[in-house]
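Worksheet: the structure to be examined is printed underneath.
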Amino acid sequence: MTHQSLPDIESLSYVDFMSELAEINRPPGGRDSIRALIQSTYLNKDSLALDVGCNTGYCAFEISMTAKCHVIGLDLSTNMIRNAIDLRDKYFAPYKERLHFLTGDALSLPFDTGTFDLVMSGGSTVFVPSIVEALIEYRRVTKDWGFVCDINFYYHSSPPPKLIAEMNALMDISIQPWEIDYWLDLYAQLDLEMYDLKLGKMQHVTRDKVLSYCERLVSQRNWPKSIHNLAVQRLIDIMSLFNENHRYLGYGVFIMRKRTFPEISLF
Ligand SMILES: C[S@@+](CC[C@H](N)C(=O)[O-])C[C@H]1O[C@@H](n2cnc3c(N)ncnc32)[C@H](O)[C@@H]1O
């Protein structure tokens, strides 16, 4: 590694810092969410799924490796698509023909109406400027009787305002302490049947676990000691804040179906 390629840890933005560490992004609820999604949508080897806001491709890889189906991952960021393709070529080369990635916008999906058996997002819908418009677009490209699955965080108990302010300052975003009804009210505006819902709580882990994770993640980079130590300390500060947030945070796997006629039922 040349001197120029060493990062200036303290001046990096949160996103750039995490990308220096090559941290793999995961959806809210991680693998448990993807397992629930696959089980409730009956994906099989003949299915075609779309992962919107795929980032480095975690959901696309998990879905395709488990259900053996074709998955297209789409993200607004060309860099993320490049990373996803690199990971596919490095770790999933034998399955390359069923894993495709492309740059695109959730608000204008480059697919015909009724293309996919499943359109899913693993925590990315919240990043799109108009959430309802994105969901309408997910529905459009879903086949009749296919599924739209949106995975999102929500707060199951009220977090201290100071914690939300610190999270927003860290990531330069403006999250609100949304409860589950925020999402349910949004989905109720769509012409989709709520088919299944899995809820979970995020884990609050011990400080020892946080420290050992940070040390392991940074160690992969083989940076000189001074940079390594700065990076570990910065990562500990970030992960400690996330860990505190997890005391209040839950996640939902919201599985909806595109029906061709409404069902009127009482019980
Ligand atoms: C938190 S990450 C998603 C994590 C990812 N689903 C996973 O499990 O690894 C959010 C992603 O949404 C993408 N994104 C934001 N706005 C988007 C848009 N309008 N269309 C497509 N992707 C978008 C970002 O580039 C980012 O990669």
Query - Number of Lys pairs (Cα under 30 Å; 8 or more positions apart or on different chains) in the chain - result: 26
Requested in this report: Determine Rg/Rh for the stretch 1-115; Rg is computed over alpha-carbon atoms and Rh is the Kirkwood hydrodynamic estimate from the same atoms.
Outcome: 1.03
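How much length, in nm to one decimal, is gained on full extension between ASN44 and ILE24, taken as 0.36 nm per residue of separation minus their Cα-Cα distance?
Full extension from ASN44 to ILE24 adds 4.6 nm.
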Query raised in the report: Counting only residues 5 or more places away or on other chains, whose amide H sits under 5 Å from the amide H of HIS70 once H atoms are built in the peptide plane?
Result: SER47, ALA49
Report summary line: Farthest towards the positive end of the dipole of the stretch 23-129, among THR125, PHE61, ALA106 and with Cβ unit charges of +1 on Lys and Arg and -1 on Asp and Glu, lies the Cα of PHE61
**Report entry** Sequence of ASP75, ASP16 from largest to smallest accessible area, 1.4 Å probe
**Finding:** ASP16, ASP75
Report task. Read phi for every residue in the stretch 100-111 and hand back ³J(HN,Hα) as whole Hz from Karplus 6.51 cos²θ - 1.76 cosθ + 1.60, θ = phi - 60°, with x for Gly and Pro. Result -> 10, 10, 8, 7, x, 10, 4, 7, 8, 6, x, 9
Report task. Please sort by residue number the trypsin sites (Lys or Arg not before Pro) in the stretch 161-267 whose DSSP state is loop and whose Cβ has at most 12 other Cβ atoms within 10 Å. Result -> none
Query raised in the report: Carbon and sulfur atoms: what percent of the 1.4 Å accessible area of the stretch 127-267 do they account for?
Result: 55 percent
Report summary line: Surrounding charge for ARG257, neighbours by C-beta under 12 angstrom, Lys/Arg +1, Asp/Glu -1, total -2
Query raised in the report: Which whole-number value in Å² is the accessible area per residue of the chain, probe 1.4 Å?
Result: 53 Å²
Query - Amide H contacts of CYS54 (H built 1.01 Å from N, under 5 Å, at least 5 apart or other chain) - result: LEU74, ASP75
Query raised in the report: Can you run phi through the Karplus equation (6.51, -1.76, 1.60; θ = phi - 60°) for the stretch 187-202 and list ³J(HN,Hα) in whole Hz, with x for Gly and Pro?
Result: 5, 5, 7, 9, 8, 9, 8, 5, 9, 7, 9, 10, 10, x, 10, 6
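Under a Cβ-Cβ cut-off of 13 Å, what is the net charge of the residues other than VAL141 that fall near it, where Lys and Arg count +1 and Asp and Glu count -1? Walk me through the numbers on the way to the answer.
Values: positive: ARG139, ARG140, LYS143, LYS258; negative: ASP51, ASP105, ASP112, ASP117, GLU137, ASP144.
Cβ neighbours under 13 Å give a net charge of -2.
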Query raised in the report: Taking the Cα centre of the chain as origin and charging only Cβ (+1 Lys, Arg; -1 Asp, Glu), how large is the dipole, in debye to the nearest 20?
Result: 840 debye
Query raised in the report: Check TYR154: other-chain or 5+ apart residues with amide H under 5 Å from its amide H, H built from backbone geometry?
Result: GLY250, TYR251, GLY252
**Report entry** Over the stretch 68-189: Rg over Rh, Cα atoms, Kirkwood Rh
**Finding:** 1.02
Query raised in the report: Using a 1.4 angstrom probe with every protein chain in place, what is the largest-first accessible-area order of TRP145, TRP178?
Result: TRP145, TRP178
Query raised in the report: For the stretch 145-218, with only Lys/Arg (+1) and Asp/Glu (-1) charged at the beta-carbon, what is the dipole magnitude about the Cα centre, in debye rounded to 20?
Result: 520 debye
Query raised in the report: Going by average Cβ neighbours within 10 Å, how do the peptides 34-41, 93-100 rank, with the highest at the top?
Result: 34-41, 93-100
Query raised in the report: Counting alpha carbon pairs within less than 8 Å and at least 6 residues apart, what relative contact order, in whole percent, applies to the stretch 1-128?
Result: 27 percent
Query - Value of Rg to Rh for the chain (Rh from inverse mean 1/r over Cα pairs, i.e. Kirkwood) - result: 0.98
**Report entry** Mean Cα-pair separation over length for the chain, i.e. relative contact order, pairs under 8 Å, 6 or more apart, %
**Finding:** 21 percent
Report summary line: Env charge @ SER124, Cβ radius under 11 Å, K,R +1 / D,E -1, value -3
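The values are calculated or read from the model by the stated rules, or taken from the named source; none is laboratory data. Here the structure is a predicted model, which means the values were calculated and not measured. In this analysis, Cβ positions are derived from the backbone assuming ideal geometry, glycine residues included, and neighbour counts consider all displayed protein chains. Each accessible area value is taken on the protein alone, full model and side chains, heavy atoms only, with ligands, DNA and RNA left out. Shrake-Rupley method; radii C 1.70, N 1.55, O 1.52, S 1.80 Å.
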